[in-house]
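Everything below concerns the one structure shown next.
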Amino acid sequence: MFSRRKILRASAAGAVMTATAAAQAATFGNPDEPAQGALNAKGPGNLEDPGPQNPAISSQFPSAQFPPATDVGGMPMDWASFNNAPKRIQNGGWARQVTQKDFAISDTITGVNMRLTAGGIRELHWHQAAEWAIMTYGSCRVTVLDAESRPYVADVNEGDLWYFPAGLPHSLQGLGPDGCEFVICFDDGDASEFNTLLVTDWFAHTPPEVLAKNFGVPAESFAKIPLRNLWIFQGTLPGDLSSDRAAVDKTGSVPPHPFIFQLGSSTPAKTSKGGTVRIADSGNFHVATTVAAALVTIRPGGVREMHWHPNADEWQYYIKGKARMTVFNTGPNALTMDFSAGDIGYVKRNLGHYVQNVGNTDLTFIGVFRAPRYEEISLSNWLTHTPPALVAQHLNVDQETIAKWPDDGPGIMPR
Ligand code: MN
Ligand code: MN
């Protein structure tokens, strides 16, 4: 069909995939009549790329270099990354973000990746969007006040989430020994971490005599307020959590539900040989009324089963490992992309998709949904809860085989 030597020259990584796709194509399915795909290549040079190349980048995308023969059509880019998002760096930490302006498909979520040093403070602020976050390294202390004047202070560690409803004022501070790093999702693709309502800005842009009246103290007491906002700045480490909690307790009333949730150490909703799926939504993380999440770990060789989400788009953050995701739409269209740590994926509501672990370590990513509850439809679950004769007539698969398909929505295969 084509020269293996030439494929190897084109891409060592792509060659393996191309050979695999060609082998499968010879046996069954849509690739027997491929619209696109490397198995169409007949003549010499067909698979080569003599033009300018940047192997450091292109080698990370074997699925784009050599799409599986089953990929077809053209779909909007569903890959973005924090790895090439410019950092805003200040003394005390940094942040970078991917908004819808950066990632056109992502209209429901803005992603922010932030680092705070030990003692580093993200200043007291609030904003129009709700804020959901997952801690991926270290720990920080969060403070928030709810709309009934009930204060909340908590420490957040790796694997934990927080959720601040839109408009509730809050702060973050990195703790010892080495601060923290985390990812924030705003429930709005137009939101920006660089454009929040900051306590220092409001003070600096209020006449001192108004500050004096408002706080009932002399205007001179505001002589040293910062004239420019702080946003992120280096502070001193706070004392223990119980003393901070005591310091903010004026009435003894606390919010009815915690603003944090320990997702990483929670009992998985699904466990199989192939991995685990942990869910946090308003059913168990009660304050999170606009954002649901699924933390997925896939063992090497495993696959997050074919499924879709009927109630929301999925914004994904890849935490570790190597992933390959294919998204299916009408047309037909099918797009396969590769994802590594720090990358972002996006799947529109109701579009079929699956995620393969193509590395030799565990793959972990979190799917974030702008919805009160996590919802999914599993392809195998649907087809095993439909009369077998009906399914058999659609797919030319005998009923004995269909009886072997998983009928419990395994989440990750193998079971
Ligand atoms: Mn915030
Ligand atoms: Mn999904």
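The values are calculated or read from the model by the stated rules, or taken from the named source; none is laboratory data. Note that the coordinates shown come from a computational prediction; the quantities given were computed from them, not determined experimentally. Backbone-built Cβ (ideal geometry, glycine too); neighbour counts: all protein chains shown. Accessible surface is based on the protein model in full, side chains and every heavy atom, while ligands, DNA and RNA are left aside. Shrake-Rupley method; radii C 1.70, N 1.55, O 1.52, S 1.80 Å.
Worth a mention:
- On the chain, 56 percent of the accessible area sits on carbon and sulfur atoms, based on a 1.4 Å probe.
- Positive-pole candidate from Ala403, Pro52, Gly216, dipole of the chain, charges at beta carbon: Pro52
- Ratio of Rg to Rh over segment 84-260 (Cα coordinates, Kirkwood Rh, two decimals): 0.97
- Take each peptide in 266-276, 362-372, count the other Cβ atoms within 10 Å of every residue, and average; sorted highest first, the result is 362-372, 266-276.
- For segment 266-413: Kirkwood Rh in Å [reciprocal of mean 1/r, alpha carbons]: 15.9 Å
- Modelled this way, with points 7 Å down the Cα-to-C-beta line, the labels at Ser58 and Lys273 are 3.9 nm from one another.
- Estimated distance in nm for a label pair at Asn311 and Asp408, the labels positioned 7 Å out from Cα along Cα-to-Cβ: 2.4 nm
- Phi-based couplings in Hz for segment 263-270 (Karplus 6.51, -1.76, 1.60; Gly and Pro marked x): 5, x, 9, 6, 5, x, 6, 9
- Stretchable slack from Lys101 to Glu48, in nm (0.36 nm times residue separation minus alpha-carbon distance): 15.7 nm
- Long-range HN-HN contacts of Gly352 with modeled amide H, under 5 Å: Phe328
- Accessible surface, per residue, of the chain when the full set of protein chains is kept, probe 1.4 Å, Å²: 49 Å²
- Remark: C-alpha extents of the chain on the principal axes read 85, 53, 36 Å, sorted largest to smallest.
- FRET E, pair Arg349, Ala219, Förster distance 56 Å, beta-carbon r, rounded to 0.05: 0.55
- Of the whole protein surface, Thr117 contributes about 40 Å² of accessible area at a 1.4 Å probe radius.
- The lysines whose alpha-carbon is closer than 27 Å to the alpha-carbon of Lys320, local same-chain residues fewer than 8 away aside, are Lys87, Lys101, Lys270, Lys273, Lys348.
- Inter-label distance for Ile89 and Ala212, nm, one decimal - labels placed 7 Å from Cα along Cα-to-Cβ: 4.3 nm
- Of Leu116, Leu263, Leu241, the one that fluctuates the most in a GNM where the chain has Cα springs shorter than 10 Å: Leu241
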